[in-house]
Amino acid sequence: MRVGLGRDVHRVVLGRRLLLGGVCVSEERGCVAHSDGDCLVHALMDALLGAAALPNVGVLFPCSDEKNRGRDSCEMLREVVEIVYGRGFRLANVDLVVQLETPPVSHFFPMIRDRLAPLLDLDGSAIGLKATTAEGLGPVGGGEAVEVLCVCLLEEKV
């Protein structure tokens, strides 16, 4: 068994969509990023890659590559899962914490689970999702950023 940890933080600005786990949770304020800015998926990919002792998302999908501009993070996740599963692993579970002040996102969790489960070849009950604020502290607490933490457990296929 292997444990992976992923973390992603993005600055938030007006006029962009906020995507979390492939689901739009806000049309007004979203993440600044080279790709679509889905920091939940980015943290998830880094957790998977870390557990498999592979390079991080920035190495696999560099900002310097124009084909990644505006790219759907769920497409990148599909590739990461293929790579990790191709190395002889399968995902046992994943646990994510979304930190942001607004908007409230927990009511989106069933949709996020439904979006991620088939991409991960995982039952939705093995996808933990939690949301919290930063109590007004730092960039997240000031509404300037969103942060996602993720841990995952990989098992070797038998």
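None of the figures in this text is laboratory data; all of them are computed from the coordinates on show. Every value quoted in this text rests on a predicted model; they were computed, and no experiment measured them. Cβ coordinates were reconstructed from backbone atoms using ideal geometry, including for glycine residues, and neighbour counts include every protein chain displayed.
For the reader, a short list of remarks on this structure follows.
- Here the residues Ser73, Ser125, Ser26, ranked from fewest to most Cβ neighbours within 10 Å of their Cβ, fall in the order Ser125, Ser26, Ser73.
- Listed candidates [x] 33, 15, 13; [y] 25, 17, 14; [z] 27, 17, 14 - label of the one calculated as semi-axes √(5λ) of the Cα gyration tensor in Å: [y]
- Fewest-first ranking of Arg2, Arg113, Arg87, using other Cβ atoms within 10 Å as the exposure measure: Arg87, Arg2, Arg113
- The string of couplings for the range 113-124 from the Karplus curve (6.51, -1.76, 1.60, θ = phi - 60°) is 4, 4, 6, 7, 3, x, 5, 9, 6, 9, 5, x Hz, one whole number per residue in order, with x for Gly and Pro.
- Working note: 222 nm ellipticity from helices only, DSSP H runs with n ≥ 4, each -39,500 (n - 2.57), summed and divided by the residues of the chain, gives -8500 deg cm²/dmol to the nearest 500.
- Integer Hz, Karplus 6.51/-1.76/1.60 couplings in order for the range 96-110, x for Gly and Pro: 10, 10, 9, 10, 6, 7, 9, x, x, 10, 4, 6, 8, 4, x
- Under-5 Å amide H pairs with Ala131, H placed in peptide plane, nonlocal only: Val98
- Using alpha-carbon coordinates, inclination of helix 73-86 to the longest axis of the chain, degrees: 20 degrees
- Segment Thr133-Val9, extension gain: residue separation times 0.36 nm, minus the distance between their alpha carbons: 43.3 nm
- Potential lengthening between Val158 and Glu66 on full extension [0.36 nm per residue; Cα-Cα distance subtracted]: 29.2 nm
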